[in-house]
Amino acid sequence: MAAVAIPSGTHSRYDTAFTSVFPASNYTTPTPESTPNIGVLASPKQPFGGFNIPSNAVNDAIRSNRAWSAATRFLSLSTISDGDAWQPGLGVNSDVHDAISVLCASTGSRKQLEAWYANEVGEHFRQCVLPELAEWQQPVTVSNAAKLLERTVVLLQKSWNHYFTGTMAMMKSVRKPDVRAVLQAFDAQAKQSFHTLVLTSFPRQRLQKTLAVVFFQSMSGLLSKHTDPDCFEHAECHCPINLDLPLAKLQRVGLGGNLGQRAFAHAVHKLLEGPVIDKKCFRVDHEKQQSVIPKLRRWVGTHLTPFIEKSLAALTDDPSLKLTDNDTKQFAQMAVSNLGRRRTTSLFYYVNTWPHTKGAILDIKEYITSDPAEKARVCSNFIAQIQHRLLHAGPQTTEILGVYANIIHAFRLLDARGVMLEKVAGPIRSYLRSRDDTVSIIAASFLAEVDQDGNVVNADPAKVCSDITLEVSESTVEDTRDHKMMDWNDMQWQPDPIDAGPEYKASKSEDVMAYILGLFDQDDFIKEVTTVLAQHLLQVTDPEFVKETRLIELFKSRLDATKLQAAEVMLKDVRDSVSLNKRINPRAKLVSDEPPKPREIQAAIPEGGITGQSLFQVFEHRMKHAQFVASLKLVATRRNDFYYPKRTRLPAEPIQQPGAANIQAIDHKVQILSGFFWPQMRANEFALPARFAELDMAFGHRFSLLGNQRKLRFRRALARVTVELELEDRHVSEADVPAWRASVIDVFGAEDYDAETGVTPTQLAEALQMEEELVVDALGFWTGKRVLYQRTPGLFAVLERLDMDTGFVAARTQQQSETMSAMMSQDVMLREGAPMFETFIKGMLRDGGPKEVAGFMGITNMLKMVLPTFTYGEEEVMWLLGGMEGRGEVASNGELWAFVR
């Protein structure tokens with residue numbers, strides 16, 4: 001409790017109540033020197049008696065009173081407060097020594113003298129010192145703390161000199177050891193009383209906080225002033241720490257001791273929370289990607305601990321004070337904890353910028369390693385950060401997936417057992433499952449292209465997560481499935497960590513791929529990957545399919561291989577198509593009656609070999625069997641019943657003479673797909689240019705000669721064409737154009753095209769028997785390429801020259817930003833299958849009675865069990881029921897749906 005000094009002469013209720021319980025002591029004022037007894041010769045050695053005076057109680061009292069009078073007269077204080085030193089009324093002589101020796105020889109009289117002097121000091125302190133330090137009775141501002149403390153120390157030092165210069169002068173003049181010891185004890189008690197007076201005269205908490213503020217300001221200022229700029233680049237920090245305050249003087253005037261130690265400890269703690277860990281020396285190491293905590297520990301041991309030891313010794317006036325090794329460890333742990341908490345507040349930033357901030361993650365790892373109880377704090381803090389900054393509608397799904405991949409890396413580094421990762425990954429995994437485009441983005445990211453420099457190329461940032469793509473390119477095709485606890489052959493088995501949650505899965509090795517694949521149910525994920533893979537295989541240009549093969553093998557090692565049969569069949573189809581094109585469509589020529597050249601026969605022989613009869617069926621309509629056998633011996637080698645292509649150089653083909661029939665050569669390639677295993681694809685029918693139709697017919701004829709049981713059905717909407725256009729002032733070339741766009745632009749090159757009249761979309765749809773959706777897409781594409789323009793609204797013509805006056809200046813049809821997908825969307829497939837689904841629903845409700853949409857025996861589950869093609873959910877079933885209800889076929893009664901008879 002802080003004591004408030006009240007000047008003498010004032011009274012209050014507090015004084016009355018206090019003195020009623022503890023009455024104040026009555027101290028006499030110094031008395032004048034007593035008159036000696038008349039007729040008694042005074043002894044020069046006995047100032048308080050004479051010769052032959054008998055020793056009795058009266059004489060002892062007189063002697064004690066004379067000693068009291070001499071001692072108190074010597075120790076009495078002047079009320080002048082501006083004196084720097086004690087100005088005694090009497091000099092220090094033997095009488096004073098003997099008087100104090102007499103009083104201190106008895107315990108009772110010594111305590112009375114100590115109490116009298118403490119009262120004398122207290123009265124003088126309250127009358128002359130406290131009024132000048134009245135500012136302590138009001139709150140002290142931080143900016144004024146140093147000035148107030150400095151003025152307080154100066155006044156207290158003057159008071160100390162005024163109170164104790166006499167006693168110190170008295171001790172210096174004493175020669176007898178026993179008398180000096182008595183005076184030293186009296187002086188120590190008087191100084192202790194003065195320290196107590198100082199502490200009880202000011203608000204204790206305010207004084208301690210002010211001291212802590214001044215200590216902190218001094219240490220932080222000097223620390224920043226003497227920072228070594230080279231420390232950041234080295235493994236050691238040599239920045240000194242100091243304090244420009246007279247700690248010994250603070251202890252002398254009563255501001256040290258326990259109060260000063262607590263204030264100093266508070267200042268050191270605050271210093272370690274801010275200025276120390278904010279130093280450039282201990283910032284995140286972005287260059288070497290190392291932890292700075294070992295450097296911080298060494299700095300605490302070599303600089304901070306000796307400074308604390310020296311400062312505490314000065315504040316306690318105990319030069320022998322030493323800190324133990326345990327104290328040093330505690331200070332180092334305090335610094336590490338503060339640095340770790342500071343890093344944790346920015347953990348989301350460090351994760352988001354991984355791996356450039358690996359050093360910060362290593363700092364947090366050192367932090368939680370030294371104090372495992374802080375793991376929960378790190379996890380809860382990070383979850384709050386991602387909830388606030390990531391898991392909302394603002395970020396794109398690709399961005400969230402990229403951060404999720406970084407979280408896996410960072411938290412696997414923090415905790416190799418994966419316990420912390422399981423705790424922080426829960427919210428982000430739940431949020432990713434709630435987004436509709438997560439699976440499609442993951443599947444597209446698996447198939448994106450990566451160049452030799454490790455950069456993702458030709459990828460839409462909104463549809464491809466580059467972090468996942470890079471992880472796939474770096475993943476190894478190996479068994480990384482979970483090694484469960486019941487694996488009796490695992491000699492490296494360890495039990496689950498004690499802090500693991502209920503969803504923790506023990507696994508030997510899990511990379512980013514394993515966590516990404518574990519986001520969703522395998523069936524849903526494989527279904528989406530199959531759709532994206534089908535679209536990708538139709539557009540890939542690599543005839544070896546190296547990346548696609550590796551990806552499927554990667555899936556087989558991490559997922560259920562039996563569910564990837566469709567993906568394997570699709571890959572086999574595109575591979576066989578390459579070989580098949582070489583066999584029956586070597587140069588994509590039109591059907592000709594001329595005998596094939598040896599080179600053409602060699603190109604038709606697959607690498608895996610073929611029988612002579614099967615190969616002859618391809619050319620039997622163009623040459624006789626004897627001619628075929630002779631040519632085959634030039635280009636093939638027979639092994640058992642199979643022929644394999646030779647690697648020898650063939651004779652040069654004769655140069656075609658002028659006037660000879662020139663066979664039109666078009667690079668025509670066909671992919672043979674197994675309709676049962678591939679996802680549903682576009683089946684739009686429309687008229688192709690005559691040359692393409694002839695090529696398809698020729699390929700179909702050659703394919704039928706192979707003697708297999710499969711029949712071709714050309715999917716014209718999946719065809720891709722390279723179009724080259726010759727206009728008056730320019731040449732336009734567009735590769736990989738959908739066939740319907742080629743058919744539309746081909747109409748503008750027909751003989752019956754009238755450039756003055758133009759063509760309308762309706763005319764194009766009728767002429768090509770094409771759906772309006774595809775016509776609009778083609779017109780938008782070619783208008784965006786400035787090949788077509790609108791003469792008038794809805795009337796299109798060829799833009800032969802770029803400087804032509806197009807007349808009608810209207811909003812140009814926007815070019816399509818992307819080609820329509822070859823795979824049918826879920827909505828299109830649902831609309832196409834709606835009649836069959838609705839028929840089944842009506843029969844089910846008619847025969848089985850009313851049913852709910854959800855539930856084990858609900859409409860949705862029954863559709864999935866009976867119809868393999870129904871892969872939709874409850875929302876799609878509600879859409880079907882809504883249409884049937886509108887036609888009066890079904891009716892709803894709450895959650896039940898019934899058939900209307």
Among the lysines, which have Cα under 29 Å from the Cα of Lys563 when same-chain residues fewer than 8 positions away are ignored? Lys463, Lys484, Lys505, Lys508, Lys527, Lys547, Lys572, Lys711, Lys864
Amide H of Thr637 versus every other amide H placed in the peptide plane: which residues, excluding those fewer than 5 positions away on the same chain, fall under 5 Å? Tyr644, Lys646
Point-to-point label distance, Asp460-Asp641, nm (Cα→Cβ direction, 7 Å offset): 5.2 nm
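How long are the three semi-axes of the equivalent ellipsoid of region 716-798, in whole Å, if each is the root of 5 times an eigenvalue of the C-alpha gyration tensor, listed from largest down? Walk me through the numbers before you get to the answer.
Details: eigenvalues 62, 56, 25 Å².
After diagonalising the Cα gyration tensor, the semi-axes are 18, 17, 11 Å.
Can you pull the Kirkwood radius for region 826-899, inverse mean 1/r over Cα pairs, to one decimal in Å?
On the way: mean 1/r = 0.0826 Å⁻¹.
Taking every pair of different Cα atoms in region 826-899, averaging 1/r and inverting gives 12.1 Å.
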Inter-label distance for Gln617 and Met836, nm, one decimal - labels placed 7 Å from Cα along Cα-to-Cβ: 3.1 nm
Sorted by chain and then number, the residues having a modelled amide H within less than 5 Å of the amide H of Val890, at least 5 places away or on another chain, are Glu885, Val900
Ranked highest first by the average count of other Cβ atoms within 10 Å around their residues, in what order do 524-536, 99-111 fall? 524-536, 99-111
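Would you kindly state how much longer the chain becomes between Leu413 and His388 on full extension, computed as 0.36 nm times their sequence separation minus their alpha carbon distance, in nm to one decimal? Each step should come with its number before you reach the end.
Details: separation 25, 0.36 × 25 = 9.00 nm, distance 2.38 nm.
Length gained, Leu413 through His388: 6.6 nm.
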In whole Å, how far is the Cα centre of region 182-251 from that of region 387-464? 52 Å
Reachable lysines from Lys158, criterion Cα separation under 28 angstrom, eight or more residues apart if same chain: Lys111, Lys147, Lys172, Lys191, Lys209, Lys249, Lys310
Using 13 Å as the cut-off for backbone N distance, which residues of region 129-143 belong to the label zone defined by a point 7 Å from the Cα of Gln157 along Cα→Cβ? none
Residue-by-residue Karplus 3J(HN,Hα) for region 340-352, coefficients 6.51, -1.76, 1.60, Hz, glycine and proline x: x, 5, 5, 5, 5, 5, 10, 4, 4, 5, 5, 5, 5
Residues with amide H under 5 Å of Leu795's amide H, sequence separation 5 or more or different chain, H placed in the peptide plane at 1.01 Å from N; which? none
Place the peptides 569-576, 204-211 in order of packing, highest mean first, counting for every residue the other Cβ atoms within 10 Å and averaging per peptide. 204-211, 569-576
Using a basic spin-label model with each label point 7 Å from the Cα along Cα→Cβ, how many nm lie between Thr196 and Arg713? 10.8 nm
Rank the residues Ser445, Ser892, Ser311, Ser220 as a footprinting-exposure proxy: fewest other Cβ atoms within 10 Å of their Cβ go first. Ser892, Ser220, Ser311, Ser445
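No value in this document is a laboratory result; all are computed from the given coordinates. As the structure is a prediction and not an experimental result, all values here were calculated from the model. Neighbour counts run over all protein chains shown; Cβ positions are idealised from the backbone, glycine included.
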